[in-house]
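*Asks:* Handing you this structure, nothing more for now.
The values are calculated or read from the model by the stated rules, or taken from the named source; none is laboratory data. Just so it is clear, the model here is predicted, and its values are computed rather than measured. All Cβ positions, even for glycine, are placed from backbone atoms using ideal geometry, and neighbour counts span all protein chains on display.
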Amino acid sequence: MAHLADFDIDVKYKAKVKKTERLTPADTEEVREILLEVKQPDFEVQVDQSFGVLIKGAGDFGNEFHHRFYSVADLPSKEGGNPQITFLVKRCSYVDEFNGELYHGIASNYLCDRKVGDEVTITGPFDLPFVVPEDKTSNLILIGLGTGIAPFRAFVKHIYKNVKDWKGKIRLFYGARSGLELLYLNDKDGDLTNYYDEATFEAFHALSPRPHMSDPIELDTAIENRAAEIIEMLSKSNTHIFVAGYEKISGMLDKAFSNILGSKEKWETRKAELVAGKKWAEIIY
Ligand SMILES: Cc1cc2nc3c(=O)[nH]c(=O)nc-3n(C[C@H](O)[C@H](O)[C@H](O)COP(=O)(O)OP(=O)(O)OC[C@H]3O[C@@H](n4cnc5c(N)ncnc54)[C@H](O)[C@@H]3O)c2cc1C
């Protein structure tokens, strides 16, 4: 797996914050949708890509920059020739169990604090592993946790708008804290709901149960509730599984798929086949 330090940060671009909107209520974890305008027209970003954000003077181990990745959350567009990038960012912080101190994630806090008109330095674009299969009868199981919905929003829009005539099933599973429940899936901002009448598309969300917002998001339950269809999809050789989101998603999915297939061993074997056939792709952060 590539290390962050392996990515090229010599080519840098200036981008301006055009919009920044908090998507979650004030009493929940902060997730913002930010729109950047890149000042150089030659920054060609596509669906299935991420870009880097560089923060000078904040690098670890004496590095000049702190560098972090963010996934493109919408189809690429241009205004006045300048590329526009939409992305989601969660403000990260962590309380150290030993000393009780609060540590703030550098890039996420920097981005959440930017105001309209502020300039940020970006790198990339860099490829994500989510490639649209050439075979339009392929089935896709897309699983996003929290901001992990971002790449799949762009991906689903791309398939139905640009690739067209998709024949395989697309099933999107999305887990979030309660404040984010309807992100992209409600009537107001619901650009994914545009695809609900596509015969091949269905989306399912799982929430953390209120009032205990810190309870685990029941993404595994949402997946297990669709067991029959998932077993049917997994029995086909042209089914792909793409996963994006926070680290805890891995254990959650292993548990859910093991339950669905009847044992841990059966899931490990099927997952190994998916990985070997390049039909499993993930970004975990
Ligand atoms: C391909 C890819 C795509 C991604 N896409 C997105 C996306 O679309 N949206 C998104 O929000 N994120 C995305 N990420 C994650 C993102 O790149 C960052 O990792 C995330 O925003 C946290 O970065 P940071 O600089 O804020 O935190 P860092 O400063 O790197 O800190 C990381 C975490 O550790 C905690 N921490 C800091 N110091 C300490 C300490 N001393 N002890 C204990 N804990 C500490 C911080 O609070 C934070 O939670 C993606 C990652 C990858 C690899």
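*Asks:* May I ask you to verify whether GLU64 is of a type in the set (D, E, K, R) and crowded, with 17+ Cβ neighbours inside 10 Å?
*Replies:* Criteria not met by GLU64.
*Asks:* Related question: Being outside the structural domain of PHE204 (by TED's automatic domain parsing), free of Cβ contacts under 8 Å to residues at least 12 places away in the same chain and surrounded by fewer than 21 Cβ atoms within 10 Å (Cβ to Cβ) narrows it down to one residue among TYR110, TYR103; which is it?
*Replies:* The conditions single out TYR103.
*Asks:* While we're here: Please state which of the following conditions LYS19 fails to meet, knowing it meets all the rest: (1) closer than 25 Å to LYS157 by Cβ; (2) surrounded by 17 or more Cβ atoms within 10 Å (Cβ to Cβ).
*Replies:* (2)
*Asks:* Here is a check on your reading of the model: is VAL89 within 8 Å of the ligand (Cβ to nearest atom) and either at pLDDT 95 or above or in a strand (DSSP E or B) (or both)?
*Replies:* In short, yes.
*Asks:* Looking at segment 30-47 only, could you name the residues that are closer than 16 Å to ALA107 by Cα and of a type outside the set (A, V, I, L, M)?
*Replies:* GLU30, ARG32, GLU33
*Asks:* Scan segment 31-56 for residues that are assigned to a strand (DSSP E or B) and either more than 13 Å from the ligand (Cβ to nearest atom) or basic (Lys, Arg) (or both) and report the count.
*Replies:* 5
*Asks:* If you don't mind, another one. Kindly evaluate GLY59 against the criterion of being within 26 Å of ALA5 (Cα to Cα), at pLDDT 90 or above, within 14 Å of the ligand (Cβ to nearest atom) and not charged (D, E, K, R).
*Replies:* No; evaluated as a whole, the condition is false for this residue.
*Asks:* Please list, ordered by first then second residue, the pairs with beta carbon atoms under 9 Å, 6 or more apart or interchain, first in segment 231-258 and within 17 Å of ALA176 (Cβ to Cβ), second among the polar types (S, T, N, Q).
*Replies:* Hits for this filter: VAL243/SER250; ALA244/SER71; ALA244/THR147; GLY245/THR147; TYR246/THR147; ALA256/THR221.
*Asks:* Could you tell me which residue of segment 64-86 is nearest to the ligand (Cβ to nearest atom), considering only residues that are acidic (Asp, Glu) and within 19 Å of ALA154 (Cβ to Cβ)?
*Replies:* Only one residue tops the list, namely ASP74.
*Asks:* Considering only segment 168-263, give the helices (runs of 4 or more DSSP H) lying wholly within it that have at least 2 residues that are at pLDDT 90 or above and loosely packed, with under 14 Cβ neighbours inside 10 Å.
*Replies:* The qualifying helices (runs of 4 or more DSSP H) are 227-234.
*Asks:* Could you please find all residues in segment 10-26 being more than 14 Å from the ligand (Cβ to nearest atom), part of a loop (DSSP other than H, G, I, E, B) and in contact (Cβ under 8 Å) with a residue 60 or more places away in the chain?
*Replies:* If the condition is that a residue be more than 14 Å from the ligand (Cβ to nearest atom), part of a loop (DSSP other than H, G, I, E, B) and in contact (Cβ under 8 Å) with a residue 60 or more places away in the chain, then VAL11, LYS12, PRO25 are the ones that fit.
*Asks:* So, one more: Among the residues of segment 28-43, which ones are in contact (Cβ under 8 Å) with a residue 12 or more places away in the chain and loosely packed, with under 13 Cβ neighbours inside 10 Å?
*Replies:* Selection gives PRO41 alone.
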